[in-house]
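Heads up, the thing below is written out as structure tokens.
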Amino acid sequence: MAKPPKKPSGKTTPAATGDMPQIDIGLSTGDRSKIADGLSHFLADSYTLYLKTHNFHWNITGPMFNSLHVMFEGQYTEAWTALDAIAERIRALGYRAPGSYAEFAKLSSIEDAAVADDSDWREMVRQLVLGNEAVCRTARKVLKTADNAGDDPTVDLMTQRLNIHEKNAWMLRSLLA
């Protein structure tokens, strides 16, 4: 079951700059910090969901094996590519992207839970529905922050991710009907 969303930590750290000029991309430092912090939470949720989907792909058994094995593979493959785009957006804003399991565990609103019985495909699907919906909720928060700041690239990225995760949640939920 998904944990309630966590509040942003406010501890986003700018990337090391050395002798580089200050970032001036038309967004204030405060806005960039808030957006990067939200994107860090979004990256953590996305990575946790990616890992859970990949885990279920590897471990599914039973009568739904083939169809879910293929479906999960499609979802985790698409998610893997998206993780890079999210992290690179954080970097473009001038901040360090989280990249460890410990960081992701602190930032994610998705519970890292396995399924005790690998043939319990309904529980796997249920957890992935909840995970995709949690990713959507986090994306909407980031989208609102980015939109208020006039950060169109982040708005575009969040809009694309919402489209994917809403569709995934719908398709998975349909299996449980």
Practice problem: Report whether or not Thr159 is in contact with a His (Cβ under 6 Å, 6 or more places away or on another chain) and of a type outside the set (A, V, I, L, M, F, W, C). | Solution: no
Quiz item: How do the pairs read when you match residues in the stretch 46-67 that are surrounded by fewer than 19 Cβ atoms within 10 Å (Cβ to Cβ) with residues anywhere that are outside any helix (DSSP H, G or I) and of a type in the set (Ser, Thr, Tyr), using Cβ under 7 Å and keeping only pairs 6 or more apart or on different chains?
Solution: Thr61/Ser119; Gly62/Ser119
Quiz item: Can you tell me how many residues in the stretch 144-153 are out of contact with any Leu (no Cβ under 7 Å at 6 or more places or on another chain) and surrounded by 22 or more Cβ atoms within 10 Å (Cβ to Cβ)?
Solution: 1
Quiz item: Would you call Ala114 in a helix (DSSP H, G or I) and of a type in the set (Gly, Ala, Ser)?
Solution: no
Quiz item: Based on what the data block shows, is Leu83 out of contact with any Cys (no Cβ under 7 Å at 6 or more places or on another chain) and in contact (Cβ under 8 Å) with a residue 24 or more places away in the chain?
Solution: yes
Self-check item: The one condition in (1) at pLDDT 95 or above; (2) surrounded by 13 or more Cβ atoms within 10 Å (Cβ to Cβ) that Lys167 fails to fulfil
Solution: (2)
Quiz item: If you go through the stretch 63-80 one residue at a time, do you hit one that is outside any helix (DSSP H, G or I) and farther than 21 Å from Arg140 by Cα?
Solution: yes
Self-check item: Subset of the stretch 1-58 that is modelled with pLDDT of 75 or more and basic (Lys, Arg) - its residue that is nearest to the chain's Cα centre (by Cα)
Solution: Lys52
Self-check item: Residue satisfying condition, being out of contact with any strand residue (DSSP E or B) (no Cβ under 8 Å at 6 or more places or on another chain) and modelled with pLDDT under 95, within set Ala85, Ala92, Ala114
Solution: Ala114
Quiz item: Condition test on Lys34, is it in a helix (DSSP H, G or I), among the basic types (Lys, Arg) and under 16 Å from Glu123 (Cα atoms)?
Solution: no
Quiz item: Looking at the stretch 84-137, which of the residues that are of a type in the set (A, V, I, L, M, F, W, C), surrounded by 18 or more Cβ atoms within 10 Å (Cβ to Cβ) and over 17 Å from Ser46 (Cβ atoms) is farthest from the chain's Cα centre (by Cα)?
Solution: Trp121
Quiz item: Restricting to the stretch 55-108, what's the tally of residues that are within 30 Å of Asp31 (Cα to Cα) and not charged (D, E, K, R)?
Solution: 23
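The values are calculated or read from the model by the stated rules, or taken from the named source; none is laboratory data. Just so you know, these numbers come straight off a predicted model, no measurement behind them. FYI the Cβ positions are ideal-geometry reconstructions off the backbone, even for glycines, and counts take in every protein chain you see.
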